[in-house]
Structures are given as structure tokens and as C-alpha cells.
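Notes for the one structure printed next.
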């Protein structure tokens, strides 16, 4: 299970461009850079409550898009299958070295890192 | 390059749930089931022009979401890398049979078929 921070980060990666500039700034500062509500409020010269409300609304929108489109769920399911493929390939490479399979492994690992 | 029908189908697969019920019905009939504008008009008891306008607006919205989010582009890039991995694995399997690599191959091929 993802914790809420990781989940919002993932939703933001998929749907962040549907938010307003201000919502994006606040989500990035709070969820990606781990600033507190107070720190964001100070930086933007707004109240802590205003930051809270804007973040709340942004989260609701991100969850709404996921509820509609389910693209993060689909992505995670696919990632889980690809991790399985990578693990099988790694097992194979331990027993039987192969330049070409190693190359396939690197491409796959690159995708899984994104 | 995808032709327009394939592209709209792909965009619809990702963003279709953001459209209205009527838009979705018309996109499915026109782009997925290949009915003509006239046939859809007849089935719904509306003019051919109305079908055309609703489809046009639906397409614009699908392209708008892609312009904002770019998730279909990202998906296609990843599919292209996975096809490369599959092709390497297939080459390897031709020279060196392996139950486990075959299993990895099947998972990968399943993902690419989706």
C-alpha cells in the first residue's frame, strides 16, 4: 500500500496539469518538497487556512480524475507485472549470463525507475 | 504513425470517461464500431449535423486532455520500449530455450496486447 504522500505524488504526476498554477505550486511544496502549511503560507503571504483549503481542493480534484479515469491504478497494475518480469529475468541472468538479456533487463529497469 | 481512427480510439481509451454519456455513445459507434454519421443520426433520431458537432466537440476534448496530460504519448513511448524488450527476449529464446524466460515473455506479451 502507498501512503497518502506517495499516492498524491503519483496522482499529481498523472493529473497535475489539470490543476491551476497555484494548486500545482502548493502541491509541489507540500507533497514533493515537504514544506509545512505554515511555511507555504509564509512564502505566499496567505493564511495557513488558505493553504489548507487550496491543497484540500487540489487533492479532491486529483482523486476525482483517478476515480473517473483509473489511469494510476492501471499503471500500478502494469508496474507490478513488469517487476515480476524483471525478477524472472534477474533470476535467469544469475544462472545464465547473456549480453542481450542483460540489455533487455536494463531497458525494463529503466522503465520501472520512471 | 497512427491514423486518426486509431488515435481517437487510444485517446478515448484513456480519457473517454471525461466525456458525457452521449459523446461516449457517439464516439463508440463512429470510431469503435465504424457506423457512419447518417447511421448514428438515424439510430438516435437527430440530424447528421448534430452527430457531427457532438463528435467534433468530443474529439476536441480528447485532444485537449492529451495536450494537457500527455499520458497517451507516455504510454506509446513505453510500449515501444517494451516491444524492444520482447523482441530481444524472443531472439534469446530462439537460441536458448528457457521455461522461466518464456514465462516472462508471456507476461510481457500480455501487457503489450492490452
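The values are calculated or read from the model by the stated rules, or taken from the named source; none is laboratory data. From a predicted model like this one, the values you see are computed outputs, not experimental measurements. Here Cβ is always computed from backbone atoms with ideal geometry, including for glycine, and neighbour counts include all displayed protein chains.
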Residue among A:35, A:108, A:11 that is at pLDDT 95 or above, closer than 25 Å to residue B:110 by Cβ and surrounded by 16 or more Cβ atoms within 10 Å (Cβ to Cβ) = A:108
Collect the residues in the stretch B:17-32 that are part of a helix (DSSP H, G or I) and surrounded by fewer than 19 Cβ atoms within 10 Å (Cβ to Cβ), keeping them in residue-number order.
-> B:17, B:18, B:21, B:22, B:24, B:25, B:28, B:32
Which condition number in (1) away from chain B (no Cβ under 12 Å); (2) at positive phi is the one that residue A:44 fails?
-> (2)
Scan of the stretch B:88-114 for residues that are touching a helix residue (DSSP H, G or I) at 6+ places or on another chain (Cβ under 7 Å), more than 9 Å from chain A (Cβ to nearest Cβ) and under 18 Å from residue A:74 (Cβ atoms), ordered by number = B:109, B:112
Condition broken by residue B:70, with the remaining ones in (1) at negative phi; (2) free of Cβ contacts under 8 Å to residues at least 60 places away in the same chain satisfied = (1)
Just give me the residues in the stretch B:66-87 being at the interface with another protein chain (Cβ under 8 Å from one of its Cβ atoms) and more than 25 Å from residue A:62 (Cα to Cα), in sequence order.
-> B:81, B:82, B:84, B:85
Within the stretch B:38-59, is there a residue that is buried (at least 16 other Cβ atoms within 10 Å of the Cβ) and closer than 30 Å to residue A:81 by Cα?
-> no
